[in-house]
1. Taking only the range 67-107 into account, find how many residues are farther than 17 Å from Leu172 by Cβ, hydrophobic (A, V, I, L, M, F, W, C) and either surrounded by fewer than 18 Cβ atoms within 10 Å (Cβ to Cβ) or under 19 Å from the mean Cα position of the chain (by Cα) (or both).
2. Residues Lys24, Lys17: which one is farther than 30 Å from Gly166 by Cα and either among the basic types (Lys, Arg) or in contact with a His (Cβ under 9 Å, 6 or more places away or on another chain) (or both)?
3. Suppose we filter Pro66, Pro75 for residues that are closer than 22 Å to Pro32 by Cβ and either without any contact (Cβ under 8 Å) to a residue 40 or more places away in the chain or touching a Lys or Arg at 6+ places or on another chain (Cβ under 9 Å) (or both); which single one remains?
4. How many residues, within the range 85-121, are at pLDDT 85 or above, part of a strand (DSSP E or B) and touching a helix residue (DSSP H, G or I) at 6+ places or on another chain (Cβ under 7 Å)?
5. Quick one: in the range 80-108, of everything that is touching an Asp or Glu at 6+ places or on another chain (Cβ under 8 Å) and of a type in the set (S, T, N, Q), which residue is farthest from Gly30 (Cα to Cα)?
6. Answer yes or no: is there a residue in the range 25-38 that is touching a residue at least 40 places away in the same chain (Cβ under 8 Å), assigned to a strand (DSSP E or B) and farther than 26 Å from Met122 by Cβ.
7. Give me the residue from the range 108-118 that is of a type outside the set (S, T, N, Q) and out of contact with any Pro (no Cβ under 9 Å at 6 or more places or on another chain) and, out of that set, surrounded by the most Cβ atoms within 10 Å (Cβ to Cβ).
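The values are calculated or read from the model by the stated rules, or taken from the named source; none is laboratory data. Predicted model, so just to flag it, every value in this text is computed and none were measured. Every residue, glycine as well, gets a Cβ built from its backbone with ideal geometry; the counts of neighbours run over all protein chains shown.
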Amino acid sequence: MAKFQVKLGRDWQDYSKEEDKILKRAFMAGFPTAKFHLRGQNYEYNFKNMSQKNKDSGKERDIRAPNKWKQPKKPLVEQGPTTVITVPAGTAGTTIQVPYPGVPGGFISVNVPKNAKAGQAMLVPIPKDKIITSGGEKHEKAEPAKGGGWSTGAVVAVGAGAAGLGVAGAILGVAVAEEGADAVGDMLADGAVDAGEAVGDFAVDAGEFLVDAGEEVGDFIMDLF
């Protein structure tokens with residue numbers, strides 16, 4: 001079982017590719033609970049009792065994680081609204097700016113970890129009180145728009161000088177490699193990667209693939225708590 005699954009009646013069924021990717025990212029962020037808005041519905045997931053709840057209808061269902069997947073021992077970022085971007089090339093150890101959801105002309109300043117690699121999935125906290133604008137830094141309370149509304153590909157590197165202003169990004173691929181490396185065997189069995197690559201840092205590469213797979217979730221915000 002390589003995907004998250006939901007129990008429908010007596011049977012377990014794979015989540016869609018998009019939902020599976022979102023759940024893997026939320027799960028590997030290390031929080032017990034996540035909620036998000038998708039296709040007009042509001043969902044809450046509890047990774048302790050492994051359940052899904054539709055907040056609009058009240059319907060609850062059992063869920064289960066991919067084989068041998070385990071959460072990190074502690075959350076990777078502070079709780080609250082969060083999104084995921086792909087690390088741009090050449091930005092490791094620098095600060096980048098990404099558009100702030102729901103705030104025209106606003107940006108989040110994000111510190112990219114020094115060990116980040118281009119193409120990895122990076123968890124980004126969405127601050128409620130710090131927005132960078134074209135005229136400099138300004139502080140204002142602002143709630144991110146439901147469902148996002150910005151492109152995860154729109155990223156600009158601004159150098160290390162602004163690092164003191166940024167929120168800390170967290171690389172999800174590293175968390176998978178360290179906490180869920182047993183899932184590598186499942187990938188080999190499924191033929192998702194070439195078994196000849198299973199040398200050296202293969203566990204890290206496979207972990208990164210499981211979370212990111214070189215694709216974007218899209219304009220999306222999840223609340224982790």
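1. Of the residues in the range 67-107, 2 are farther than 17 Å from Leu172 by Cβ, hydrophobic (A, V, I, L, M, F, W, C) and either surrounded by fewer than 18 Cβ atoms within 10 Å (Cβ to Cβ) or under 19 Å from the mean Cα position of the chain (by Cα) (or both).
2. Numbers: Lys24 fails: farther than 30 Å from Gly166 by Cα.
Just one listed residue meets the conditions, Lys17.
3. On the way: Pro75 fails: either without any contact (Cβ under 8 Å) to a residue 40 or more places away in the chain or touching a Lys or Arg at 6+ places or on another chain (Cβ under 9 Å) (or both).
Every option except Pro66 fails the conditions.
4. Qualifying residue count, the range 85-121: 3.
5. The qualifying residue farthest from Gly30 (Cα to Cα) is Thr86.
6. The answer is no, given that none of the residues of the range 25-38 is touching a residue at least 40 places away in the same chain (Cβ under 8 Å), assigned to a strand (DSSP E or B) and farther than 26 Å from Met122 by Cβ.
7. First, the residues of the range 108-118 that are of a type outside the set (S, T, N, Q): 108, 110, 112-114, 116-118.
Those left that are additionally out of contact with any Pro (no Cβ under 9 Å at 6 or more places or on another chain): 113-114, 116-117.
On the way: Pro113: 17, Lys114: 8, Ala116: 21, Lys117: 15.
Out of the qualifying residues, it is Ala116.
Residue-wise test of (1) surrounded by 15 or more Cβ atoms within 10 Å (Cβ to Cβ); (2) aliphatic (A, V, I, L, M).
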position: Leu23; (1), (2): yes, yes
position: Phe27; (1), (2): yes, no
position: Phe36; (1), (2): yes, no
position: Arg39; (1), (2): no, no
position: Lys55; (1), (2): no, no
position: Lys59; (1), (2): no, no
